[in-house]
Amino acid sequence: MLQQKFLLIYLFISVLCSSCITNKDVVYLQDKGTTNHDSLLIKELSKPYRVQINDILSINVKALDNELTAIFNPVSTNNTSNGQGQAGLYFSGFTIDLHGNIKFPILGEINVLGYTIKEIEDKVKSELLAQYFKESAELFVTVKLAGLKYTTIGEVGTGVQTLYQDRVNIIEALANAGDISQTGDRRDVLIIRQYPDGQKIHHIDLTDIAAMQSPYYYIQPNDIILVKPLKRKALGAGQTAIQNITTIASILSVLVSTYFLTKNL
């Protein structure tokens, strides 16, 4: 009977020890033999983003005569890196409506849904030259998204984040949010992405260097990044060997005390 009890204790200790969080759980972009490193350097998948409904665009028009372009630039966007600049673009930028249009001064509604930033620049410039400017005006049009906004939730710094960059990979996005906690599951990070026909959930393993070749390695505006907890956390196991030893010692103490108390009864 005593041997059976100690066998159960031994098995329980083995399970706890195996539940430690290892380097394989927390190290990003490990070499798992799933990709060719030489080709990896030239095959990162970063396609031009195509704008969607509710995106906000900052459009700046310049020409030789600044007075002619004043009507197209009602808001100064020089300080978009702070809250006031972002709020200014929210109220005075060009929001893509439910029909995929923006309302532009003089030109009226312009459909831009599904266009890249470069295609929108070319379209706005072409319309302005056709209706308002002459070629001699040396027109210059700049279009940018009003920040790359995304949401992080789960075992990571939670909140809505905004980065003022044209492209951001998921490692940068997570680092900006405070990084995944030690108990977060890096092997199966969920990306909830908006498409014209609705939302889709994608999965990416950030512990594998092959993630750099994933079409979801670069995030898009309005992405939701969800990091699940490791099963070890759900089981209440320790994160390190020391924590597990402490847990085991406590359990053993209780078991031994219980054994001797029941033996003396």
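The values are calculated or read from the model by the stated rules, or taken from the named source; none is laboratory data. Keep in mind that what you see is a predicted model, and the values were worked out from it rather than measured. Neighbour counts are summed over all protein chains in view; Cβ atoms, including those assigned to glycine, are modelled from backbone coordinates with ideal geometry.
Mind listing whichever residues of the range 179-192 are of a type outside the set (Gly, Ala, Ser) and either farther than 13 Å from residue 224 by Cα or surrounded by fewer than 15 Cβ atoms within 10 Å (Cβ to Cβ) (or both)?
179, 180, 182, 183, 185, 186, 187, 188
Among the β-branched types (Val, Ile, Thr), surrounded by 18 or more Cβ atoms within 10 Å (Cβ to Cβ) and within 18 Å of residue 30 (Cα to Cα) - does that describe any residue in the range 167-177?
Yes, the range 167-177 has at least one match.
Having 3 or more residues that are modelled with pLDDT of 80 or more is the bar; report the helices (runs of 4 or more DSSP H) wholly within the range 31-114 that clear it.
The qualifying helices (runs of 4 or more DSSP H) are 66-69.
With the checklist (1) within 9 Å of the chain's Cα centre (by Cα); (2) assigned to a strand (DSSP E or B) in hand, flag the one item residue 174 doesn't pass.
If we test residue 174 against (1) within 9 Å of the chain's Cα centre (by Cα); (2) assigned to a strand (DSSP E or B), just (2) comes out false.
For the range 142-192, which positions are among the small types (Gly, Ala, Ser) and either within 30 Å of residue 73 (Cβ to Cβ) or in contact (Cβ under 8 Å) with a residue 60 or more places away in the chain (or both)?
146, 147, 154, listed by residue number.
Identify the residue in the range 193-208 that is out of contact with any Pro (no Cβ under 9 Å at 6 or more places or on another chain), free of Cβ contacts under 8 Å to residues at least 40 places away in the same chain and closer than 17 Å to residue 169 by Cβ and, among all such residues, is surrounded by the fewest Cβ atoms within 10 Å (Cβ to Cβ).
Filtering first and then ranking leaves 203.
Residues that are at pLDDT 95 or above, closer than 26 Å to residue 58 by Cβ, in contact with a strand residue (DSSP E or B) (Cβ under 7 Å, 6 or more places away or on another chain) and among the polar types (S, T, N, Q): does the range 171-188 have at least one?
Yes, the range 171-188 contains at least one residue that is at pLDDT 95 or above, closer than 26 Å to residue 58 by Cβ, in contact with a strand residue (DSSP E or B) (Cβ under 7 Å, 6 or more places away or on another chain) and among the polar types (S, T, N, Q).
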